[in-house]
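**Student:** My questions will all concern the structure given below.
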């Protein structure tokens, strides 16, 4: 029997496994691909590791640091393996796994870490009309084709959505010789980080069109063009002339969704706002002994914080495997109003455990300038911080002293405050 089994060998899963191995001996990583590293293997641009290592690393370099650590520790990794089912019996998880070497087998674990990552939305998930010709790719698929397989998927490209992967692929395709006609975003502001807007679009004179979406894909065997229309702030298509853009490829960068089929299989409660599990400050889900981290918990914009959440989950999964959680738990809720906040994680804090630090992540719903985030507990302000700008694409991270928390913590935002530069 394993103390901790980590499902997923990306940055969160590797960090969780390494941290768990510091406390318990029997740790296993189950990974469906042929190598650990997750999405980082195809992210050959730099910018990773600035927070974690104080260096600008490429994705493969960042992943390699963790992979080497896992190898040096002699940890067990099951590659090209798929989880079919998980059943809990008497506080032991029975995990049915399939791979080409061993066939189907059942693995037992005391603690479980879900680090499944996230997936991209497809054309049908955003209800684009038209046929299904060749030449429609998610940004991640296009990235794999260019960076791993060495194929140029299209020569004249339209990109829908201004997510970070889409912005990065606009630059990458341009460097490989494709003409990127433009990036079209339905919202009134970009979805990606400001640095990616500047480095990937502005520096390469690639136009960004806001308040625009694609309503139809033209072409039978191969994409021949797309129909573009304007939308209002409620995403309703505005009446008026629609533009036909000729292209042979459409790249979709229209959002990411946490992978939580396994969590749902276990009956774990899912947050409608994050699309990931509801967790406490130890990142334990509604099912005791199951922890969630990384992009399976909520979509991050920095891999450094993906690894950080993996470390938290791995450490606490190991503690659970060693001791379990006995006695009554006393939770306080983390309340972030729907008006200003997209979400906050964790959604609750376990006050029955020892004092210490609580790391809180949140996103806002819209761009807010000259703002102050205020956190109250039992009508007392326990934290506040001023921001020149808060933006939805940029996840914020704050640290709270747990000993100051006396009841439910309530997040609010004061606007139009004076900020001294």
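**Student:** Determine which single condition residue 258 fails, assuming it passes every other condition in (1) more than 9 Å from the chain's Cα centre (by Cα); (2) within 21 Å of residue 139 (Cα to Cα).
**Tutor:** Of (1) more than 9 Å from the chain's Cα centre (by Cα); (2) within 21 Å of residue 139 (Cα to Cα), only one is false for residue 258: (1).
**Student:** Say whether the condition of being crowded, with 18+ Cβ neighbours inside 10 Å, more than 19 Å from residue 111 (Cα to Cα) and either modelled with pLDDT of 95 or more or in contact with a strand residue (DSSP E or B) (Cβ under 8 Å, 6 or more places away or on another chain) (or both) is met by at least one residue in region 281-292.
**Tutor:** The answer is no; no qualifying residue exists.
**Student:** Something else now. Only one of 87, 77, 83, 4 is without any contact (Cβ under 8 Å) to a residue 24 or more places away in the chain and either outside any loop (DSSP other than H, G, I, E, B) or within 17 Å of residue 295 (Cα to Cα) (or both); which?
**Tutor:** The match here is 87.
**Student:** Can you tell me which of (1) in contact (Cβ under 8 Å) with a residue 12 or more places away in the chain; (2) surrounded by fewer than 22 Cβ atoms within 10 Å (Cβ to Cβ) is the one residue 114 doesn't meet?
**Tutor:** (2)
**Student:** Next up: Right, residue 84: within 27 Å of residue 275 (Cβ to Cβ), surrounded by 21 or more Cβ atoms within 10 Å (Cβ to Cβ), outside the structural domain of residue 157 (by TED's automatic domain parsing) and touching a strand residue (DSSP E or B) at 6+ places or on another chain (Cβ under 6 Å) or not?
**Tutor:** Answer is no for this residue.
Quick grid of which residues meet (1) under 30 Å from residue 113 (Cα atoms); (2) part of a strand (DSSP E or B); (3) not assigned by TED's automatic domain parsing to the domain that holds residue 408:
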| position | (1), (2), (3) |
| --- | --- |
| 240 | no, no, yes |
| 250 | no, yes, yes |
| 262 | yes, no, yes |
| 268 | yes, no, yes |
| 274 | yes, no, yes |
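**Student:** Checking residue 101 against (1) assigned by TED's automatic domain parsing to the domain that holds residue 13; (2) at pLDDT 95 or above; (3) part of a loop (DSSP other than H, G, I, E, B), which single condition isn't satisfied?
**Tutor:** Tallying (1) assigned by TED's automatic domain parsing to the domain that holds residue 13; (2) at pLDDT 95 or above; (3) part of a loop (DSSP other than H, G, I, E, B), residue 101 fails exactly one: (2).
**Student:** In region 342-359, how many are within 17 Å of residue 413 (Cα to Cα) and surrounded by fewer than 21 Cβ atoms within 10 Å (Cβ to Cβ)?
**Tutor:** So the answer is 1.
**Student:** Moving on to the next point. Among the residues of region 22-44, is any assigned to a helix (DSSP H, G or I), in the same structural domain as residue 95 (by TED's automatic domain parsing), in contact (Cβ under 8 Å) with a residue 12 or more places away in the chain and closer than 25 Å to residue 322 by Cβ?
**Tutor:** no
**Student:** Could you list all residues from region 311-350 that are assigned to a helix (DSSP H, G or I) and out of contact with any strand residue (DSSP E or B) (no Cβ under 9 Å at 6 or more places or on another chain)?
**Tutor:** Across region 311-350, the qualifying residues are 311, 315, 323.
**Student:** Can we say residue 367 is touching a residue at least 40 places away in the same chain (Cβ under 8 Å) and not assigned by TED's automatic domain parsing to the domain that holds residue 273?
**Tutor:** For residue 367, the condition - touching a residue at least 40 places away in the same chain (Cβ under 8 Å) and not assigned by TED's automatic domain parsing to the domain that holds residue 273 - is met.
**Student:** Let me ask something else about it. Checking the structure you have, find out if any residue of region 65-72 is under 29 Å from residue 303 (Cβ atoms), surrounded by fewer than 14 Cβ atoms within 10 Å (Cβ to Cβ), outside the structural domain of residue 165 (by TED's automatic domain parsing) and over 26 Å from the mean Cα position of the chain (by Cα).
**Tutor:** Within region 65-72, one or more residues are under 29 Å from residue 303 (Cβ atoms), surrounded by fewer than 14 Cβ atoms within 10 Å (Cβ to Cβ), outside the structural domain of residue 165 (by TED's automatic domain parsing) and over 26 Å from the mean Cα position of the chain (by Cα).
**Student:** Continuing with this model, one more query. Looking at region 375-401 only, could you name the residues that are over 24 Å from residue 194 (Cβ atoms) and surrounded by 16 or more Cβ atoms within 10 Å (Cβ to Cβ)?
**Tutor:** Residues satisfying the conditions are 375, 376, 377, 382, 383, 400.
**Student:** If you don't mind, there's one more thing I want to ask. Yes or no: region 241-258 includes at least one residue that is within 30 Å of residue 173 (Cα to Cα) and free of Cβ contacts under 8 Å to residues at least 12 places away in the same chain.
**Tutor:** yes
The values are calculated or read from the model by the stated rules, or taken from the named source; none is laboratory data. Keep in mind that this is a model prediction, so the values were computed, not measured. Using ideal geometry, Cβ is built from the backbone for each residue, glycine included, and neighbour counts are taken over all protein chains shown.
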